[in-house]
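The structure appears right after this line, and notes come after that.
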């Protein structure tokens, strides 16, 4: 039988097609020794087994035989809404096969043991083999094995949400089947979080690292809903060149009752205080340097500082991907022509400074 | 604003500070401002090399710089866009005027010549440098061979018995002329490789700032710099002696706060002490190290060899450190390792093979050239200048013997052309068997008058940073690199008259040496005031010379009005690990002694946190 569940430590970038991009990257970073949240991955095979063994796929196919809609016709949108609701109802009504449950329980228990928490809060995140940013759904702050299983199924079912159905219909892909991986990973109880570029994104200076951060979850920085604190770090010397403290008025924090991230006011005493200490900034930069070296190209990463752990174990990289702007430009050499030293000198003298 | 108004003052528009009248006559006519020839050029003040008014004799040194640097740009290496440098003294301060060639046709004509000529030097750099060392060592030998003999009451019998046919007066005249010739020859060599050395540095900086727009200049210099320069040797010799003194149980004798003579006398009393004395003698070859107060140009900047209390003071400090268990070794391997790591990292950040190749090439060339940039100082500014001034002082003594002056040091109030006349007069007067000369009255009066002028010049308010034409843009790379004179700075200075200095809270300069320090300011306008600097103060001064390094053990940070990233002081600060912001233009005007200031040597900012009153 094909393997359908993996610890992150057993995965690397090459497993992209087996477990999806996010899981493969988390595995790659785990293997390379970066501090990413502990967790495990359900492969595409897990989705296939669940959908097949519970008969969900068959039921969805039957439902879709009568479905007829044009994804480019605004008037047909309610049809997709209705289909999504029906199909998700089918998926979420299925009970996971007992043997799968048992294996997932073992992995979750192991995670709880490793972190020293019973009923460790985790996130269940979708992990498609190709990027569909923002299309599928992730669920945060999930506690206890039955919730974990319920939310894994919810991630699978999110491949049938309205926007995913429409996206597949537009691309002419089949609507009844779209396997994704699921990452189950420890929630970072973020004191502060944000993004880090291992390049100066403004002028492309590759000898700088730029870090933006705010209190709470990284969402406020990623979405641009607050002006974050900003650090420019010298990548070679690992030394802070410039700090810009911002008035940070709001942050995302977890509401454990609703299990949702809430956008709340930051108390005045924290608004104008830097959300990272100098040692945290430098440690982050060191990690950024290593990640860039590992992938061989400037990276755009998301990070979080866990409030429950001591420095430096509190620094987590949640995600990384190649920097998109400067790294994609074809690099123009400064020394444009193949020239000798003295030719180059003469040219520079003539061009002027 | 019309272009007519965009200019700096003309000298005749400025008030003459009381007592300084007649300063122009101390210097050669070609080296004082003349508006009719200078008004279309831009002149900037150089307090990096000449921090205080230059005495008439000492003027030979800066004059020689400008004279002998120029032809290498304009007529030897045919630098495509640059003329030589004109300059003048205004109230004893030195001003330089760079000028570019703007005619594209002329530039085009010069390019192939430059490629061939400068290319040859770069391609054969080490070989040429070896040859250079031989030439200069030969020159130093010839300088040592010049003896200044006292004029005797009666010529030695040998003049007759060997039928020499030449007298001691003639010998004096010849010796003086030879000294002048040797000086000119030396400064020719001095710049033979220096312009190209600086150019290779500028080229590397230029490349780095393009590849890494936010790179800081101290980082660039770190990649270029070596660790084994000759200029470190004198201090290394003292460390060697300090270790020996401790090892041989002589620390208590050497540490004693006494005169050098008393110390040697004490050492001579024991077997070990006598051996140690011999070790000191061995080290003396490295004592031609001019570290007194002032700059290299000044006659009163004394060498260790002339005043042993200078090195012995440092020797004592090293012994104290050893006894306290503080390491006095320069961590050479660590410095090299650090340099190589940094270099490797920057190299790996470059994204194209072309750039990697060019980076390696530029770095390779500048590292080679940089050894010269540092080491020439030992031969020229230290050993030669010591030998030269030593001989001029002997002539000064003869002038006293022959009743022309009251004090041998007064000779420095006579410029070198006048001195040729005086030497002639002296040997003539001596030849007459001691009959009277009007020179004996004239030069005493001149010296007296000039002493007063020099005092008044030193007390006068600082001279303006610029004269004559305001340039549209400054592009000459050496002006930017060595003095930090940039378009922005010039424009800022032009507008600065509109702001009251005491209202300024922040000064922008150049990040010359990294580190952030807070402390009380000590404003020093003249090298002679350096003694006032207290432990842990921040030195604020017009510019520093490497000779000021003696104070670096006491201070936390340095702020200067002038000085580029390549100024020797900036290099010394980095070596000593002292934070420094240079090129604040008006630092000594804005900051007062006692002010609490913050020096950010990473960003090049100085902040006044609290006024002294």
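The values are calculated or read from the model by the stated rules, or taken from the named source; none is laboratory data. All figures in this text were calculated on a predicted structure; none of them were measured in a lab. Methodologically, a virtual Cβ is constructed for each residue, glycine included, from the backbone with ideal geometry; neighbour enumeration extends over all protein chains shown.
Key figures for this structure:
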item	result
Elements of type strands (runs of 3 or more DSSP E) contained in the range A:140-251, each with 3 or more residues being touching a residue at least 40 places away in the same chain (Cβ under 8 Å), more than 14 Å from chain B (Cβ to nearest Cβ) and within 22 Å of the chain's Cα centre (by Cα)	A:181-186, A:190-197, A:208-215
Subset of the range B:577-613 [assigned to a strand (DSSP E or B), within 14 Å of another protein chain (Cβ to nearest Cβ) and within 14 Å of residue B:506 (Cα to Cα)]	B:600, B:605
Residue check, residue A:326 more than 8 Å from chain B (Cβ to nearest Cβ) and either without any contact (Cβ under 8 Å) to a residue 24 or more places away in the chain or out of contact with any strand residue (DSSP E or B) (no Cβ under 8 Å at 6 or more places or on another chain) (or both)	yes
Some residue of the range B:107-118 being touching a strand residue (DSSP E or B) at 6+ places or on another chain (Cβ under 8 Å), at pLDDT below 95 and farther than 30 Å from residue B:23 by Cα	no
Within the range A:253-262, considering residues that are at pLDDT below 90 and within 23 Å of the chain's Cα centre (by Cα), the one nearest to the other protein chains (Cβ to nearest Cβ)	A:261
Answer from B:249, B:273, B:214 - the residue that is touching a strand residue (DSSP E or B) at 6+ places or on another chain (Cβ under 9 Å) and free of Cβ contacts under 8 Å to residues at least 24 places away in the same chain	B:214
One residue from B:86, B:91, B:67, B:75 being loosely packed, with under 14 Cβ neighbours inside 10 Å and either away from chain A (no Cβ under 14 Å) or without any contact (Cβ under 8 Å) to a residue 12 or more places away in the chain (or both)	B:75
Lone qualifier among B:288, B:300 - being part of a loop (DSSP other than H, G, I, E, B), surrounded by fewer than 20 Cβ atoms within 10 Å (Cβ to Cβ) and away from every other protein chain (no Cβ under 14 Å)	B:300
Test: residue in the range A:263-273 that is more than 14 Å from chain B (Cβ to nearest Cβ) and surrounded by 17 or more Cβ atoms within 10 Å (Cβ to Cβ)	yes
Some residue of the range B:8-15 being crowded, with 17+ Cβ neighbours inside 10 Å, over 23 Å from the mean Cα position of the chain (by Cα) and modelled with pLDDT under 90	yes
Single residue of the range B:480-490 satisfying the filter (touching a residue at least 60 places away in the same chain (Cβ under 8 Å) and at the interface with chain A (Cβ under 10 Å from one of its Cβ atoms)) that is farthest from residue B:43 (Cα to Cα)	B:481
Residue ranges of helices (runs of 4 or more DSSP H) in the range B:117-211 with at least 3 members within 14 Å of another protein chain (Cβ to nearest Cβ) and buried (at least 17 other Cβ atoms within 10 Å of the Cβ)	B:194-211
Verdict on residue B:236 being over 27 Å from the mean Cα position of the chain (by Cα), in a helix (DSSP H, G or I) and either in contact (Cβ under 8 Å) with a residue 60 or more places away in the chain or away from chain A (no Cβ under 14 Å) (or both)	no
Which listed residue, of B:221, B:275, is within 14 Å of another protein chain (Cβ to nearest Cβ) and assigned to a helix (DSSP H, G or I)	B:221
Qualifying positions in the range A:107-139 - farther than 27 Å from residue A:254 by Cβ and surrounded by fewer than 15 Cβ atoms within 10 Å (Cβ to Cβ)	A:130
Pairs, first on the phi > 0 side of the Ramachandran plot in the range B:13-25, second surrounded by 12 or more Cβ atoms within 10 Å (Cβ to Cβ) and in a loop (DSSP other than H, G, I, E, B), C-beta under 9 Å, six or more apart	B:19/B:460
Any hit, the range B:389-405, residues being more than 10 Å from chain A (Cβ to nearest Cβ), over 19 Å from residue B:172 (Cα atoms) and assigned to a helix (DSSP H, G or I)	no
Within the range B:345-370, considering residues that are buried (at least 17 other Cβ atoms within 10 Å of the Cβ) and outside any helix (DSSP H, G or I), the one farthest from the other protein chains (Cβ to nearest Cβ)	B:350
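Yes or no, residue by residue, for (1) out of contact with any helix residue (DSSP H, G or I) (no Cβ under 7 Å at 6 or more places or on another chain); (2) surrounded by fewer than 19 Cβ atoms within 10 Å (Cβ to Cβ):
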{"residue": "A:207", "(1), (2)": "no, no"}
{"residue": "A:213", "(1), (2)": "no, no"}
{"residue": "A:224", "(1), (2)": "yes, yes"}
{"residue": "A:233", "(1), (2)": "no, no"}
{"residue": "A:238", "(1), (2)": "no, yes"}
{"residue": "A:245", "(1), (2)": "yes, yes"}
{"residue": "A:260", "(1), (2)": "yes, yes"}
